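The values are calculated or read from the model by the stated rules, or taken from the named source; none is laboratory data. It should be emphasised that the depicted structure is a prediction, and the values quoted were computed from it without experimental measurement. Here the Cβ positions follow ideal geometry from the backbone for every residue, glycine too, while neighbour counts run over all protein chains shown. SASA here: full protein model, heavy atoms, side chains in, ligands and nucleic acids out. Shrake-Rupley method; radii C 1.70, N 1.55, O 1.52, S 1.80 Å.
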Amino acid sequence: MIGFRFDNTYTSLPAPFYAHCNPEEVSAPEVVILNEALAGSMGLEFDDVGEVQLAALLAGNELPEGATPFSQAYAGHQFGHFTMLGDGRAHMMGEHLMPDGQRVDIQYKGSGRTPYSRRGDGRAALGPMLREYIISESLAAMGIPTSRSLAVVSTGEMVMREEALEGAILTRVASSHIRVGTFEYASDPENTVPLQSLLDYTIDRHYPELLSAENRALALLERVVERQCSLIVHWMRVGFIHGVMNTDNFTLSGESIDFGPCAFLDTYNPAQVFSSIDQQGRYAFANQPNIAHWNLARLAEALLPLIDSDREEAIRLAEQTIHQFPSLYQQEWGNMMRAKLGLGSIRDGDEQLIIDLLSWMHEKHADYTNTFQDLMELPDLATYQDEGFRNWYDRYQRRQDSDELSESESRELMRRSNPAVIPRNHQVERALQAAQTGDLAPLHLLLEALKNPYDLPEEMRAFQATPPMTERVYQTYCGT
Ligand code: AMP
Ligand code: MG
């Protein structure tokens, strides 16, 4: 007994929300990596399953006991343009009940064609699936809401992209896959039945405290504004760039999801973009809060028919809620940056102090993660010799002296707010390249280093190093 406890509720939604379909068989699946810690917390036990059977199971050649696979329909704004989408290369094995009662989706990604595949092949390549594994597990270790990765199997088949690549399937675990795009898909002013069922379903699954709200649609919108705001502030704290914040990759649960050309900042640059397909910088680092605001406005639009039967009034109420985002974000971002600096109280001039540090970092191409690490020690003045920094540091010290936190409280706050280690792009590339030649040791070592980001063991210090010039990563690929 592996311990799957499937209990699907999503398929109680009206028919157009999903389609039953099975994964397409692959020729020679092999397990590349299995997340035993996550399996354990999910109440799953694979010890008695032989390697061949495990691979067959995680590739979808054999269905997990109790699974009735389906794919989800959704729409979405991709780079600003509305499109009908749906899981084109993903199969939901089902909703699994964890030992603590929590309900999670278990989804295979790269598992073959579905009714929503359009012209796609339904497949994924090994590199991007391992990238998603590394990034999602790293975010989770940082305490940031995210989907998780249970396993990656290679398929034994090649997928044709710009070149032929080894195929792979990722097992993704998420608190749900309900997206802003799912609401866009359901929204129809002429027929509000599907939208109403999706709204009720989402509240029941994620926000049961809103069941008795007077205006459910508005209450849900308000809650998602809060959750997404808090998520983006986390991303900004650790220097994470999602890369494709399309509305179909933007969840109602407030979890990070769908990692494509994502990456972490090395040197601080607010305009940083890694994605090869983001020519305009729409999803640049510092633009993420603006895009979150924009995506939330798309959610508000989709919800309009249920906010009020009078459209004018619905728009007025929706705008009121959405307009709270910028000030909420500004406030939470300020608190987060203060925490990174070990400051416990709010004072006039804090924002300028923060902005001046960021401007200095930008100008000097300072490393985002390591600068905050250095601030936790007395910065070694050899590397921080320039006058601009010294002036800023004097101001910072005066500000710290007058703060309500003691020195040890302040250091503890900084330690908890500043990851010592992030999945640096050059390290990720190294691990992925080695894995593609069958050497999994660098992948496992990197994952080990990322496990304790706020408490990095001494022997893992090498992972703090910035990339040598020859290994700088300028672009990541979407891998679809
Ligand atoms: P993503 O950028 O990964 O979020 O994908 C956007 C949309 O394209 C989703 O609806 C995916 O299911 C679909 N898609 C991406 N790659 C493929 C593929 N190889 N085959 C079929 N559909 C795909
Ligand atoms: Mg997606």
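Taking the alpha-carbon set of the stretch 159-209, what are its Rg and Dmax in Å?
Expressed in Å, the Cα Rg and Dmax of the stretch 159-209 come to 17.2, 50.
Treat each spin label as a single point 7 Å out from the Cα along the C-beta direction, and report the Glu25 to Glu319 distance in nm.
Each label point lies 7 Å from its Cα, and together they span 5.9 nm.
What order do you get for 442-448, 172-178, 394-400 when each peptide is scored by the mean count of other beta carbon atoms within 10 Å, highest first?
Answer by packing, highest mean first, reads 172-178, 442-448, 394-400.
What is the stretch 1-51 by shape, rounded, prolate or oblate, if you read a ≥ b ≥ c off the alpha carbon gyration tensor as root eigenvalues and call it rounded for a/c under 1.5, prolate for a/b larger than b/c, and oblate otherwise? Walk me through the intermediate numbers first.
Numbers: a/c = 2.84, a/b = 1.49, b/c = 1.91.
Oblate, because a/c is 1.5 or more while a/b does not exceed b/c.
For a test of the definition: using alpha carbon positions, the gyration tensor, and the 1.5 limit on a/c, classify the stretch 178-253 as rounded, prolate or oblate.
oblate
Going 7 Å from the Cα of Gln331 toward and past its Cβ, which residues in the stretch 230-253 have a backbone nitrogen under 16 Å from where you end up?
Residues 230-231, 233 fall inside that zone.
Largest first and in whole Å, what are the equivalent-ellipsoid semi-axes of the stretch 10-176 based on the Cα gyration tensor, each being the root of 5 times an eigenvalue?
On the way: eigenvalues 102, 81, 59 Å².
Taking √(5λ) for each Cα gyration eigenvalue gives 23, 20, 17 Å.
With a 1.4 Å probe and every protein chain left in place, work out the accessible area per residue of the stretch 178-480 in Å², rounded to a whole number.
44
Measuring from the lowest to the highest alpha carbon on each principal axis, how far does the chain reach, largest first, in angstroms?
Its Cα atoms span 64, 61, 42 Å along the three principal axes.
If you roll a 1.4 Å probe over the heavy atoms of the protein chains, what accessible area per residue do you get for the stretch 10-176, in Å²? Don't jump to the answer; show the numbers that get you there.
On the way: 6270 Å² over 167 residues.
That works out to 38 Å² per residue.
Students sometimes get this wrong: rank Phe82, Phe372 by accessible area, probe 1.4 Å, all chains present, largest first.
Phe82, Phe372
Once every DSSP H run of n ≥ 4 in the chain is given -39500 (n - 2.57) and the sum is divided by its residues, what mean residue ellipticity at 222 nm do you get, rounded to the nearest 500 deg cm²/dmol?
It lands at -13000 deg cm²/dmol.
So how far, in whole Å, is the C-alpha centre of the stretch 33-94 from the one of the stretch 123-142?
Measuring centre to centre over Cα atoms gives 14 Å.
Could you please state how large a percent of the accessible area of the stretch 1-67 is carbon and sulfur, counting protein chains only and using a 1.4 Å probe?
After summing per-atom areas, the C and S share lands at 46 percent.
Percent of alpha carbon pairs in the stretch 347-461 separated by more than 23 Å?
Across the stretch 347-461, Cα pairs with separations above 23 Å total 43 percent.
What FRET efficiency comes out for the pair Arg103/Arg461, r = Cβ-Cβ distance, R0 = 35 Å, nearest 0.05?
Working from the Cβ atoms, E equals 0.35.
From the protein chains alone at 1.4 Å, what is the descending order of accessible area for Lys109, Lys451, largest first?
Lys451, Lys109
How far, in nm, would the chain grow between Arg411 and Ser309 when pulled straight, counting 0.36 nm per residue and subtracting the alpha carbon separation?
Between Arg411 and Ser309, full extension yields an extra 31.4 nm.
Of Arg148, Arg461, which has the most accessible area and how do the rest follow, probe 1.4 Å?
Arg461, Arg148
I need the GluC sites (Glu not before Pro) found in the stretch 180-222, filtered to DSSP loop residues with at most 11 other beta carbons within 10 Å of theirs.
Taking the stretch 180-222 and a limit of 11 other Cβ atoms within 10 Å, the loop GluC sites (Glu not before Pro) found are Glu190, Glu214.
Within the stretch 178-480, what whole-number % of the accessible surface is contributed by carbon and sulfur, with the 1.4 Å probe and all protein chains included in the calculation?
Taking all protein chains in place, the stretch 178-480 shows 47 percent carbon and sulfur surface.
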